[in-house]
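J.: Supplied in structure tokens, the structure appears directly below.
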Amino acid sequence: MTTFRLLGVKIVKQDVSEMTSQLSVARYKSVLKVFEDKLEDTYCFFNEITINDNGENNFEVIGEKELPGNFFKTPNNKNDTQIEVSAIVGKNGSGKSSVIDLVTRLINNLACFAFTERPLRPAAERLHFVPDIYACLYYRKDDNYYKLEQKNNTVTLYSQESPLYQGTHAENRIIRDSDPNAENILKDHLFYTMIFNYSMHSYNFYDYSMEWDDWSNMDNQDIEIIEKEEYEHENDDERYARRCWLTGLFHKNDGYQVPVVINPYREFGTIKMQNEKELSRERLIYLTLIRDKNKNNYFKEVIDDKEAYCITFSTTNDYTDKYPFMEWMFKKKDKEALDSIYQEIITAWSSFLGIDLNGIKQENLFYSKCVNYLIHKTLKTSRNYKDYYGYFENYIENDTAGDTQGMVKDFFEDKSHKTLKIRQTIAQIIFKHLQENDKEVVLSTISDKLEELENNKVDQFAKYTEFRAKYNHDGGFDEDYFQKYSFDFEEFLPCPIFDPLLYLKSSSDTIINIDILSSGERQLINTFSSIIYHLRNIDSAFEKKGDHIKYKDVVVFVDEVELYFHPEFQVKFVNFLLKWTSSINLHHIKNIHLCFSTHSPFILSDIPKQNIMFLASHNEEIDKDSISETFGANIYDILKGSFFLKKPIGDFSYCRIENTIKRINEVDATTEEEEVKSILSELELIGDDFLRCQLKQQLHQKKEYEILKLKSEKAEIERKIAELEEKKEA
């Protein structure tokens, strides 16, 4: 039985005459958008659910049904994660994206009380509270029902038993201090939400200008907190961007603590495509190397006629010199101070690992880059993440981390995504399992090699012991410690010093570069790789010791899922996202709710009707009983019944055929033969066999009927003439 799912959202009606300012009214209407004429309606993610809400914790969910077993589980699973799939459908302008925006705002505002609105670290954007929202979000978690409600500036989380948390945002003030109670609520009662939308028109922060921070009446001290010296160089666009609540949700250098992220990253409303390309290449390597328990990889099934075949391993030009990345982080330090920091970290890692990193640097340029990257990533991790920021502050103030040995030990023991690249670099230094400038290494060979390294812990330790002996360095952890923190499959993947390039092989044995795939093919694998990447990272948060938030339930919204996709890709999308999600090792995430907003009948045909939210357009009503089953249904029936499509063809062809029918109706015995031939030539263009044949038959019948009619009329006239002549003769 599924123990987690989103259930619905509701807009709460508010008397605008009672609002404190015109700005509040404008914000309220900005949030409402298409729902302004449907206040108090509840929009349920599952078609047969009804939510009765009499206020506060007095609400009930009626009609909830479960699909049989773990309905969306695919064969050869590597995990026990329960997966729910639902969809939001409706015409353009019916509110599909607005529903997702509403969920996002409510979760964002609850998170503000836990994490404050202050800029926490150089690498982290601040959160922004969105006032003047009157709405509710309903969900089920661990078989308990919850309602997250906001009325104006007060956010309350209810269970059916009692209120669990309430926080109120002071008007024209920022939230300066975190609320431990709010953080506990996130730990125990909330879920993580990922949003994917690749439309060029979505998430432009200027479209949300009514919801920006209002600095005109803000307390001066709050403005000083927001407007730090380091922001003085910004242009107007950058300063405006920091006033919008969306900006705080594109950045995730927080260890997946704030429970919502929007993908892909946008800068001033524009997707940074080159950045996305580089990220997708890195993430795609994992997808092409992982296999299910039967050693199947699904890439070939996703991209027809092409299989992921091999990788070449060139090396980056970065990290040849130790100074550029350090000067970037420590702008006010001279080279002597930078050398001191650099050597302190090398000494700490050398002592901890029991190897001489200075000696390894001398081996060749590649391993010199590896060591430089290790120092860079150690500093960057301490700079970016709250857990380790104290170390970085010590470097800024004292040129030392204080307890550098303790820092590197913390990093190595942290098995989460935050330190994954550190562990990948250490694995490469120790095991040398991937070679620089390798040409066309077959993927199955790499997968076999990495799986063997992962599974043979004894061999891992033997290789490590041999490596330590070569560099003749005392210290480091013992065998028991190594066995506990031995390396796994992900840690053997290419470290960032490599610039791996994936090649594909077609059925005709043609080898092609991944970068020359079509935009639709790249979009498909980019979407898959991004979703899998974030799921792995959320799951890895459980591997980090400490009291930080660990989310075991995840919602994945894919908005406008069919963008760029040929129908063939739309047919595959749901099945292969489920297959790949089932192929990865998720040890801690217990439930995933995948929700697609879509216009695609192919997506809908993979989802039962009871798991669909049907949205009506303005001034329309939906008769749910008249909507037929969608799962496995004919796409023409889905277009008519679930997408409310009145015409199954394009408007131009519809109008043209209508005109042809009118011409057929005007045919009579006097119609010229050329007109009949013209109508017949148009009928030959109609692609629907049944319609074409019916109209042809109608034309022939019309012509024959008119001829018979005239013959009949002629016979009647001739009869009457004969009668008159008989009377005349008599």
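The values are calculated or read from the model by the stated rules, or taken from the named source; none is laboratory data. Everything numeric in this text was worked out from a predicted model, so none of it was measured. In this analysis, Cβ positions are derived from the backbone assuming ideal geometry, glycine residues included, and neighbour counts consider all displayed protein chains. We work out accessible area using only protein heavy atoms, side chains counted, and drop any ligands, DNA or RNA first. Shrake-Rupley method; radii C 1.70, N 1.55, O 1.52, S 1.80 Å.
J.: Let's test the formula: R0 of 60 Å, r as the Cβ-Cβ distance of Thr20 and Asp509. What FRET efficiency results, to the nearest 0.05?
T.: Values: r = 70 Å, r/R0 = 1.17.
The calculated FRET efficiency here is 0.30.
J.: Kindly rank 431-437, 147-153 from highest to lowest mean number of other beta carbons found within 10 Å of each residue.
T.: Listed from highest to lowest mean packing, they are 147-153, 431-437.
J.: A follow-up question, please. Round to the nearest 0.05 the FRET efficiency obtained for Val12 and Asp339 when R0 = 51 Å and r is the Cβ-Cβ distance.
T.: Once rounded, the FRET efficiency stands at 0.25.
J.: Please list, or write none, the lysines whose alpha carbon is within less than 16 Å of the alpha carbon of Lys728, excluding same-chain residues fewer than 8 places away.
T.: Lys720
J.: Roughly speaking, what is the stretch gain from Ser216 to Glu726, that is 0.36 nm per residue apart minus the C-alpha to C-alpha distance, in nm to one decimal? The partial results should precede the final answer.
T.: Numbers: separation 510, 0.36 × 510 = 183.60 nm, distance 10.55 nm.
Gain on stretching Ser216 to Glu726: 173.0 nm.
J.: Which entries in the list Lys33/Lys572; Lys380/Lys432; Lys65/Lys579 go over 26 Å, if you measure between the two C-alpha atoms of each?
T.: Violating the 26 Å limit, Cα to Cα: Lys33/Lys572.
J.: Please give the Cα centre distance for region 385-449 versus region 55-107, rounded to the nearest Å.
T.: Each part's Cα centre sits 37 Å from the other's.
J.: Take peptides 176-187, 192-203 and line them up by average Cβ neighbours within 10 Å, highest first, as a rough protection proxy. Please report the intermediate quantities before stating the final value.
T.: Details: 176-187: 15.6, 192-203: 19.3.
Ranking the peptides 176-187, 192-203 by packing returns 192-203, 176-187.
J.: Please give, to one decimal in nm, the separation of the simple spin-label points placed at Asn296 and Ser518, each 7 Å out from Cα toward the Cβ.
T.: Once both label points are built, they end up 2.5 nm from each other.
J.: If you roll a 1.4 Å probe over region 258-329 with all protein chains in place, what percent of the accessible area is carbon or sulfur?
T.: 44
J.: Also: For the residue pair Ala469 and Lys332, what label-to-label distance in nm results when each label sits 7 Å from Cα along the Cα-to-beta-carbon direction?
T.: For Ala469 paired with Lys332, the spin-label model returns 5.1 nm.
J.: What pairs in Lys151/Lys544; Lys335/Lys361; Lys147/Lys272; Lys306/Lys457 have C-alpha atoms more than 27 Å from each other?
T.: Lys151/Lys544; Lys147/Lys272; Lys306/Lys457
J.: Check cross-link reach from Lys550 to the aspartates and glutamates: straight Cα distance under 13 Å, and skip same-chain residues fewer than eight apart.
T.: Filter leaves Glu183, Asp188, Asp254, Asp539.
J.: Taking all protein chains in place and a 1.4 Å probe, what share, in percent, of the accessible surface of region 51-119 do carbon and sulfur account for?
T.: Taking all protein chains in place, region 51-119 shows 42 percent carbon and sulfur surface.
J.: Mind pulling the angle between the C-alpha long axis of helix 335-353 and the longest principal axis of the chain? Nearest 10 degrees, somewhere in 0 to 90.
T.: The two axes meet at around 90 degrees.
J.: Cβ neighbours within 10 Å, averaged per peptide: list 45-56, 529-540, 563-574 in order, most packed at the top.
T.: Numbers: 45-56: 15.8, 529-540: 21.2, 563-574: 17.8.
Most protected by this proxy first, the peptides run 529-540, 563-574, 45-56.
J.: Full-extension gain between Glu393 and Lys696, please, as 0.36 nm times their residue separation minus the C-alpha to C-alpha distance.
T.: Working it through step by step, the gained length comes to 100.8 nm.
J.: Spin-label point model (7 Å from Cα, Cβ direction): what's the Glu278 to Phe631 distance in nm?
T.: According to this spin-label approximation, the distance is 4.5 nm.
J.: Tell me which aspartates and glutamates have Cα within less than 16 Å of Lys624's Cα, excluding those fewer than 8 residues away on the same chain?
T.: Counting by Cα, and skipping residues close in sequence, Lys624 has these aspartates and glutamates nearby: Asp41, Glu48, Glu64, Asp637.
J.: Counting pairs of alpha carbon atoms under 8 Å apart in space and at least six apart in sequence, what relative contact order in percent does the chain give?
T.: Relative CO of the chain lands at 19 percent.
J.: To continue, here is another question. Work out how much length Gln362 to Asn437 would gain on full extension: take 0.36 nm times their residue separation and subtract the Cα-Cα distance, in nm to one decimal.
T.: The Gln362-Asn437 span can extend by a further 25.1 nm.
J.: Could you tell me the calculated FRET efficiency between Ser30 and Asn455, based on Cβ-Cβ distance and R0 = 60 angstrom, to the nearest 0.05?
T.: Working from the Cβ atoms, E equals 0.65.
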